[in-house]
2 protein chains.
Amino acid sequence: MHPALESLKARFAEIDDLRQAGSVLHWDMSTYMPRDGATARGRMIATVEKVAHEKLTDPAVAALLETASGIPDATLTADDRAFLRLAQRQFTRASKIPSAFKAEFLQHMAASYDIWVHARKSNDFNAVAPFLQKTVIYSRAISDFFNAGETAWDHPMDPHIEDADPGMTTASLKTLFADLRRELVPLVRELSSREKPRTDFLSRTYPKSRQMEFLNWLAKQIGYDFNRGRQDLTHHPFMTKLGAGDVRITTRIDETNLCDGLFSTIHESGHAFYELGLSPHLDGTILGHGISAGIHESQSRLWENLVGRSREFWTYFYPHLQAHFAETLQDVSLDEFYRGINRVEPSLIRTEADEVTYNLHVMIRFDIEAQLLDGSLAVKDLPSAWNDRYEADLGMRPPSDTQGCLQDVHWYYGSVGGMFQGYTIGNLFSAQCYDGALKAHPEIPQAMTQGDFSTLHTWLKENIHQHGSSLFPQELIQRVTGQDLSSQPFLAYLKRKYL
Amino acid sequence: MHPALESLKARFAEIDDLRQAGSVLHWDMSTYMPRDGATARGRMIATVEKVAHEKLTDPAVAALLETASGIPDATLTADDRAFLRLAQRQFTRASKIPSAFKAEFLQHMAASYDIWVHARKSNDFNAVAPFLQKTVIYSRAISDFFNAGETAWDHPMDPHIEDADPGMTTASLKTLFADLRRELVPLVRELSSREKPRTDFLSRTYPKSRQMEFLNWLAKQIGYDFNRGRQDLTHHPFMTKLGAGDVRITTRIDETNLCDGLFSTIHESGHAFYELGLSPHLDGTILGHGISAGIHESQSRLWENLVGRSREFWTYFYPHLQAHFAETLQDVSLDEFYRGINRVEPSLIRTEADEVTYNLHVMIRFDIEAQLLDGSLAVKDLPSAWNDRYEADLGMRPPSDTQGCLQDVHWYYGSVGGMFQGYTIGNLFSAQCYDGALKAHPEIPQAMTQGDFSTLHTWLKENIHQHGSSLFPQELIQRVTGQDLSSQPFLAYLKRKYL
């Protein structure tokens, strides 16, 4: 191997180790850390991030990349080329942001988060508004760092989107989302006017430990390997990769909301399958991770909705669930259960939305963050802009900011811009992806009624998971579907299922 | 503050953060990591250690220390002076060992550990002997790195001892241990010839979860604050500091060995009290840690033995224990329990030894590692040398190496040299320390019968804990006792209690 390439690989392997060490610190913080550990933990996380950033933006890396760019292409393997492309991308992007700025922004984010926690509780947008104002300024400064040379942009949100979902832009997503919205708004209206299925049984009492038993069993049945991961309880469910053989999920259990645990377990398992399905030869390299927010979300949503809310899925699992909660579910048939978990209804909270209305929530946020960033919406006008859009798109006006623009943590612990598009990209691609799997293996739904997911796993692994970050989102989407990202397969799926 | 001092403080704070991040990685590895996480975890730990070592041995640190050494003493606070002394010590010692050597040794240690795990199980010393041989060579090489200038030594074990127990040497400890052994061997012989108390009830069945409930309650009662820590199960109990507000302990539960859980919980709580009792202004600095292996062990052994095996302690706790295991302990009186947990009997396994025979186990290891290191004992002769010493000192010959020289992990996952003296230093100082506390507050034992440990905690905090690493062991011992480390108070305690 060329010495510059070898040095770069060693350097980026260290960076990857440090990032994963940071993930262990985060996982522990969310699960088992005692109350008074927070101060030191914040410091440790900041230091590990800082060190990884120093290693990445070191001038020595620039020199090595420059040397490596002169290696004749023919002498490189496909993996080498993918590695060099990603290493160059990470170096370029990290180098745009001065370390001191980054540290200052991280500090601001922590302060903003603390204020938001209280502001949300007490419905006090004014308390957090000055912090959000500052976040907008920081986010805009980040945009400006990128507005030159090969990373110059058309809209200030572009570099934020590029970060999470490489290859996408504000303009391309606006077009895509407009297509989707055009059909979605009338579809929601149509479905909302129908008679509602019963859902009373979903809010009966399901004891915590009984739920956890079922959720662990369920994760295992759908293919989650507990030798390579574990499931714990957290306030917000998440998946985190702490190594190729250590991909953990967390779930949330509400004793009077059966869906919360069930669908967060399936959702996070979907994320985990992606990370667990990578080619082993990418282990420990920067290629050994899912490629983008949107593609990751496509895997979790495929499992959560296209699989996990299908009739075939529950044909197998409902008898088990019913037996597990024998006294609570004895009066509920499979059909009632299936229709209950698929009830469509406009609501105010994104994370509780059904799969039909969900993208409307996302698009509202996407449009608003673009406006905040380009200056066409002032922070002080956010609550009314938010509420107006909910009224227009979902026919409901939030009675409070707690149920409105204060509900999501993203803008209060992160940048404004690039935070939400991944959810809808994920939903759209999940349908394209599942279409591809069904086309190759039409027997997948039938196998599911027997609790057999092996063909689906194999297809996803071969077509999506194994590539890790070797293919960028659009390359991957093209390869899987022969097309670009599109809203039509997703809309077709919804119509098939609901109309 | 002088800019060099400020820079040094910032640098060492980062190093401290990285070390604590490494401790989180270790804690998780021992508690909750899934089976297949080991490979990546080993890499992550090695990288975090390497980065911390790079930060410590950076030439910039040498330059800053040089500059700081010119700051007029009168302008420094006591903390600044303590910080500069410790920073200089850590820099000097770390700089002696080349990074490449360190990495190679770490790799060898990991391989040696794996072999040892199997060798111990299958009583196969020959399998691990070549690895131990190599460890001796590495350990001797480390000694040689230090054998010049201000760190030149008389015995090759000196720099290893200096590392764990600053200020101690092979020669000084040999003298101290000889004093101890002279009285201990006949004392053990005397006590062994007496009638044995009943201990049958200690190996009855105590269900795991019932034990854990009691152990958590017990830790809390003796003053362990669960807002600043937690207790989990591991194969080997330990205490680890993950921040000033996050000092965790682990315990081991054997369903048919009641003592295992009880005394490991009390022991590890003792370690935790030390770390939790540090002055808050040392938080996040390299001074914010216990000073040495021996002083740390003095705190754990003080709680485990002088407190935790005292009649006063169980006067309060035994009724609670008896009530908790009502059916199992109903036929056992407080007196029988007290005498059972204090039974003195020569045995083969160090970690299961009573407080009287324990130090004999340590001194055997201390002498042997000195001989391995100075070449007067060959690795191939280790088993027979070990067995001969057990026969001479404890009157028992190990029937296998599993119960002999393969029992402790230390030499198979670490260096040979400096590994064991801390246990006996700890036992000796625990008695000096407790004498000091009782002299100041003779009411401590009486308060214990009421479950009140507050005076003892306050005394330990003021006299030992608060100083962290500001005082070196001999300074601390002098300050607390007005004397040097001595075996007499410990021997007097044993005689008082057992004769």
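Every read-out reported here was derived from the displayed coordinates using simple, explicitly stated rules and does not represent laboratory data. What you see is a predicted model; the values in this text were computed from it and never measured. Here the Cβ positions follow ideal geometry from the backbone for every residue, glycine too, while neighbour counts run over all protein chains shown.
Considering Cα pairs under 8 angstrom that are at least six residues apart, work out the relative contact order of region B:284-416 and quote it in whole percent.
Relative contact order for region B:284-416 comes out at 17 percent.
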Gyration tensor verdict on the protein assembly as shown (Cα atoms; rounded if a/c is under 1.5, prolate if a/b is larger than b/c, oblate otherwise): prolate
Check B:Leu233: other-chain or 5+ apart residues with amide H under 5 Å from its amide H, H built from backbone geometry? B:Thr251
At q = 0.11, 0.20, 0.21 Å⁻¹, the log10 of I(q)/I(0) for region B:154-244 from a Debye sum over equal Cα scatterers comes to -0.75, -0.95, -0.97
For region B:43-106, size of Cβ-based charge dipole, Lys and Arg +1, Asp and Glu -1, in debye: 260 debye
Toward the positive end of the charge dipole of region B:3-96, about the Cα centre and with charges on Cβ (Lys, Arg +1; Asp, Glu -1), which of B:Met29, B:Ala10, B:Val51 goes farthest? B:Met29
At a 10 angstrom cut-off on C-beta neighbours, averaged per residue, how do the peptides B:391-402, B:300-311, B:37-48 rank from highest to lowest? B:300-311, B:37-48, B:391-402
Note, ³J(HN,Hα) from phi for region A:435-447, Karplus 6.51, -1.76, 1.60, rounded to Hz, x at Gly and Pro: 4, x, 5, 5, 5, 6, 9, x, 7, 4, x, 4, 4
The distance between the Cα centres of region A:174-207 and region B:449-499, in whole Å, is 69 Å
Inter-part distance where region B:3-51 and region B:253-286 are each reduced to a Cα centre, Å: 21 Å
Charges only on Cβ, +1 for Lys and Arg, -1 for Asp and Glu: so what's the dipole of the protein assembly as shown about the Cα centre, in debye to the nearest 20? 660 debye
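Using Cα-Cα distances under 8 Å and only pairs 6 or more residues apart, what relative contact order does region B:127-499 have, in percent?
Values: 541 pairs, mean separation 90.1, N = 373.
In percent, rounded to a whole number, it is 24.
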Which FRET efficiency value, to the nearest 0.05, do you get for B:Asn123 and B:Thr92 by plugging their Cβ-Cβ distance into 1/(1 + (r/R0)^6) with R0 = 45 Å? 0.60
Selected from B:Leu372, A:Tyr274, B:Gln88, residue furthest toward positive end of dipole (the protein assembly as shown; charges at beta carbon): A:Tyr274
Each residue of A:279-287 has, on average, a number of other protein chain C-beta atoms within 10 Å of its C-beta equal to 1
Given the alpha-carbon gyration tensor of region A:3-96, what are the semi-axes of its equivalent ellipsoid in whole angstrom, ordered largest first, with each equal to the square root of 5 times an eigenvalue? 33, 13, 9
Cross-link pairs beyond the 20 Å C-alpha cut-off, checked among B:Lys174/B:Lys380; B:Lys96/B:Lys174; B:Lys461/B:Lys495; B:Lys9/B:Lys102; A:Lys134/A:Lys380: B:Lys174/B:Lys380; B:Lys96/B:Lys174; B:Lys461/B:Lys495; B:Lys9/B:Lys102
So what are the ³J(HN,Hα) numbers for region A:290-306, from phi and the Karplus equation (6.51, -1.76, 1.60; θ = phi - 60°), rounded to whole Hz, Gly and Pro as x? x, 7, 7, 4, x, 5, 4, 5, 4, 6, 5, 6, 4, 6, 5, 9, 5
Each label sits 7 Å from Cα toward the beta-carbon; between A:Ser347 and A:Ala178 the label points are separated, in nm, by 3.1 nm
Considering only the other residues whose Cβ falls under 10 Å of the Cβ of B:Phe325, what net charge follows from Lys and Arg at +1 and Asp and Glu at -1? +1
With the crude spin-label approximation of a point 7 Å out along Cα→Cβ, what separation in nm comes out for A:Arg189 versus A:Arg35? 5.2 nm
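When Cβ neighbours within 10 Å are restricted to other protein chains, what is their mean count per residue of peptide B:18-28?
Partner-chain Cβ atoms within 10 Å, mean over residues of B:18-28: 5.
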Residues of region A:417-434 with backbone nitrogen within less than 14 Å of a virtual label 7 Å along the Cα-to-Cβ line of A:His320, please, listed as ranges. none
Taking the Cα centre of region B:3-96 as the origin, how large is its charge dipole in debye, to the nearest 20, when only Lys and Arg (+1) and Asp and Glu (-1) carry charge on their Cβ atoms? 380 debye
Integer Hz, Karplus 6.51/-1.76/1.60 couplings in order for region B:65-72, x for Gly and Pro: 5, 4, 4, 5, 5, x, 5, x
For region A:77-110 and region B:400-431, what is the separation of their Cα centres, given in Å? 46 Å
Can you tell which of B:Trp386, B:Ala326, B:Ser193 lies farthest toward the positive end of the dipole of region B:127-499, using +1 and -1 charges on the Cβ of basic and acidic side chains (Lys, Arg; Asp, Glu)? B:Ala326
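Work out the mean other chain Cβ neighbour count within 10 Å for the residues of B:45-58 and drop it here as an integer.
Per residue, the average neighbour count from other chains is 3.
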How much net charge surrounds A:Ala440 when only other residues with a Cβ under 15 Å from its Cβ are counted (Lys, Arg +1; Asp, Glu -1)? 0
Can you list the distances in nanometres, one decimal and ascending, from the A:Glu312 label point to the identical position in each other copy, with the point 7 Å along Cα to Cβ? 7.3
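Quick one: pull the percentage of alpha-carbon pairs in region B:127-499 with a separation above 39 Å.
Percent of Cα pairs beyond 39 Å in region B:127-499: 14.
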What gaps in nm, shortest first, separate A:Gln221 from its twins in the other copies when you place the label 7 Å past Cα toward the beta carbon? 4.4
For every helix of n ≥ 4 consecutive DSSP H residues, a contribution of -39,500 (n - 2.57) applies; sum these over chain A, divide by its total residues, and give [θ] at 222 nm rounded to the nearest 500 deg cm²/dmol. -20000 deg cm²/dmol
Among the DSSP beta bridges whose two residues both lie in the protein assembly as shown, what percent are antiparallel, rounded to the nearest 5? 55 percent
At R0 = 41 Å, how high is the FRET efficiency between B:Arg397 and B:Lys208 if r is their beta carbon distance? Nearest 0.05 is fine. 0.75
For A:Ala440 paired with A:Gln221, estimate the spin-label separation in nm (one decimal), with each label point 7 Å from Cα along the Cα-to-Cβ line. 2.6 nm
Once the label point is placed 7 Å from Cα along Cβ, list for B:Ala378 the distances to the corresponding points in the other copies, in nm, shortest first. 8.9
